[in-house]
Amino acid sequence: MRMLTRFAKLAVVGLTTAMACASAAGAGEVSVAVAANFTDAMRDIARAFETATGHKAVVSFASTGKIYAQIQNGAPFEVFLAADAARPQKAEAEGLAVPGSRFTYAKGKLALWSATENLFSDGEDYLKTGAFSHAAIANPKTAPYGFAARQVLERLGLWDTLSDRLVRGDTIAQAFQFVASGNADVGLLALSQVLALPAGTGSNWEIPETYYEPIVQEAVLLKKGETNPAALAFIDFLKGGTARNITTGYGYAVE
Amino acid sequence: MTFDWSPVLLSLKLATITTLVLLIVGTPIAWRLARLRHWIKQPLVSLVALPLVLPPTVLGFYLLLVLAPNGFVGQIVKGMGLGTIPFTFPGLVIASVFYSLPFAVQPLQNAFEGLGERPLEVASTLRATPLDRFFTVVVPLARPGFLTAAVLSFAHTIGEFGVVLMIGGNIPGQTKVLSVAIYDHVETLEYDQAHVMSAGMLVFAFTVLLVLYAVNGRIAVAEKS
């Protein structure tokens, strides 16, 4: 019994110290849920944000559809960076996001990429030859880049013929990993992922933007972050020049 | 709501094949381990039990590396002209065999160890060959062990998720098994389908365990009387 009380006391002391540290000096924390395609850019942005404001950004990466489902089920995210405009709009319509806080933070592009060098120069021809055992895409149901990949393959008339050779990554990040590890020969991936590699790695073909609907990536302030100064600061930072420069550096377009 | 049966059938097919492979592969391993009187026994037993402790992601990660076209096993398979292993049904069977290995080996090993030396000694005085002894003495006596091994391997493979997610590639009809399909439905907010599959799994899992315990209980009672 005495042991127990002592343990309880220790726990209380530990907890209060931790809480005091967390709220020290006005430096806050913001919980950000980010679409997987934006992983590399977001890591840089989070670092710059911390240096500039002293706030800390705690970042979770998943596919847009998954994050949205989690938010619907009460996930404690305060800012949502989606890979489409549809989910942030839905979040706003359902009262999960702060009305009027939506804005486009990036416009994404799609690339056909293989870890093998000199595999193709015209990706369209290569796809049509079908000279590969597996092609990776992100899950079209949950990942906007997967949805765009599906549009490309449908336009090329390859969606049905390739269906049993299309490997679906849980996120565009997993699709990329499948290709980078050589397990899939080729993948329809985010251009930003390819550009994050040393220049000239593998074979790359930028898919013409007329082959798929524009990937407009919107961010939104969620209700849970409405009164958090760190969340508001993050939104401001994301709209600012530093974040925009980082974003364009990864091959995205900005408005 | 149209219900897609293909993940259910795929999971059943995967579990059936995995169980058969595990009984064939697991029996000699369990037999050898049960008879082993050497310090190497404990390390080997630990090795077999590893999948019980390791996160499926560890297994998935190493399988992905080893089975990749430029990986150790991948190159051999490619050299034999068999194509690639990840993202294929045979790939899932290989992964499942590793993943469920302890569920087959441990019950069998326990059953073999429980037999003791006596029945085998008696059988060999009757001039039974080792193979004879195994199939006419050991197998019938270790029946509960075989049943447990088969049922647990089957059920554990049906419940497999993490490894499949990492090396399966979610291809409908080939690698999109039941657990992954449920995950997909939940993540896309298709709760109707998720409900049907999940409730089905719940009933299935309970039934499997109930049958297993009931049958093993009856065997135990029968052997006592």
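The values are calculated or read from the model by the stated rules, or taken from the named source; none is laboratory data. Given the structure is predicted, the values throughout are model-derived calculations rather than measurements. Here the Cβ is made from the backbone with ideal geometry for all residues, glycine too, and neighbour counts use every protein chain on show.
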Residue within segment B:185-192 that is surrounded by fewer than 20 Cβ atoms within 10 Å (Cβ to Cβ), touching a Gly at 6+ places or on another chain (Cβ under 7 Å), within 8 Å of chain A (Cβ to nearest Cβ) and closer than 18 Å to A:Ala62 by Cα present
yes
Tally up the residues in segment B:59-87 that are assigned to a loop (DSSP other than H, G, I, E, B) and modelled with pLDDT of 90 or more, please.
0
Of all residues in segment A:67-76, how many are in contact (Cβ under 8 Å) with a residue 40 or more places away in the chain and either crowded, with 23+ Cβ neighbours inside 10 Å or not assigned by TED's automatic domain parsing to the domain that holds A:Leu222 (or both)?
1
Would you confirm whether or not segment A:185-193 contains a residue that is more than 21 Å from A:Arg87 (Cβ to Cβ), free of Cβ contacts under 8 Å to residues at least 60 places away in the same chain, outside any strand (DSSP E or B) and outside the structural domain of A:Leu81 (by TED's automatic domain parsing)?
no
Can you name every residue in segment A:158-216 that is surrounded by fewer than 16 Cβ atoms within 10 Å (Cβ to Cβ) and closer than 18 Å to A:Ala115 by Cβ?
A:Leu197, A:Pro198, A:Ala199, A:Gly200, A:Thr201, A:Glu206
Are any of the residues in segment B:139-147 outside any helix (DSSP H, G or I) and within 20 Å of A:Thr142 (Cα to Cα)?
no
Residue set A:Ala91, A:Ala111, A:Ala83, A:Ala57; condition within 14 Å of chain B (Cβ to nearest Cβ), in contact (Cβ under 8 Å) with a residue 12 or more places away in the chain and surrounded by 19 or more Cβ atoms within 10 Å (Cβ to Cβ); output residue A:Ala91
Taking segment B:95-123 and keeping residues surrounded by fewer than 19 Cβ atoms within 10 Å (Cβ to Cβ) and either among the hydrophobic types (A, V, I, L, M, F, W, C) or in a helix (DSSP H, G or I) (or both) leaves B:Phe98, B:Asn110, B:Glu113, B:Gly114, B:Leu115, B:Arg118, B:Pro119, B:Leu120, B:Glu121, B:Val122, B:Ala123
Residue pairs within 7 Å by beta carbon, gap of at least six or interchain, first lying in segment A:114-140 and farther than 27 Å from A:Gly65 by Cβ and within 14 Å of another protein chain (Cβ to nearest Cβ), second small (Gly, Ala, Ser) and part of a loop (DSSP other than H, G, I, E, B), listed first then second, are A:Thr116/A:Gly202; A:Glu117/A:Gly202; A:Ser133/B:Gly83
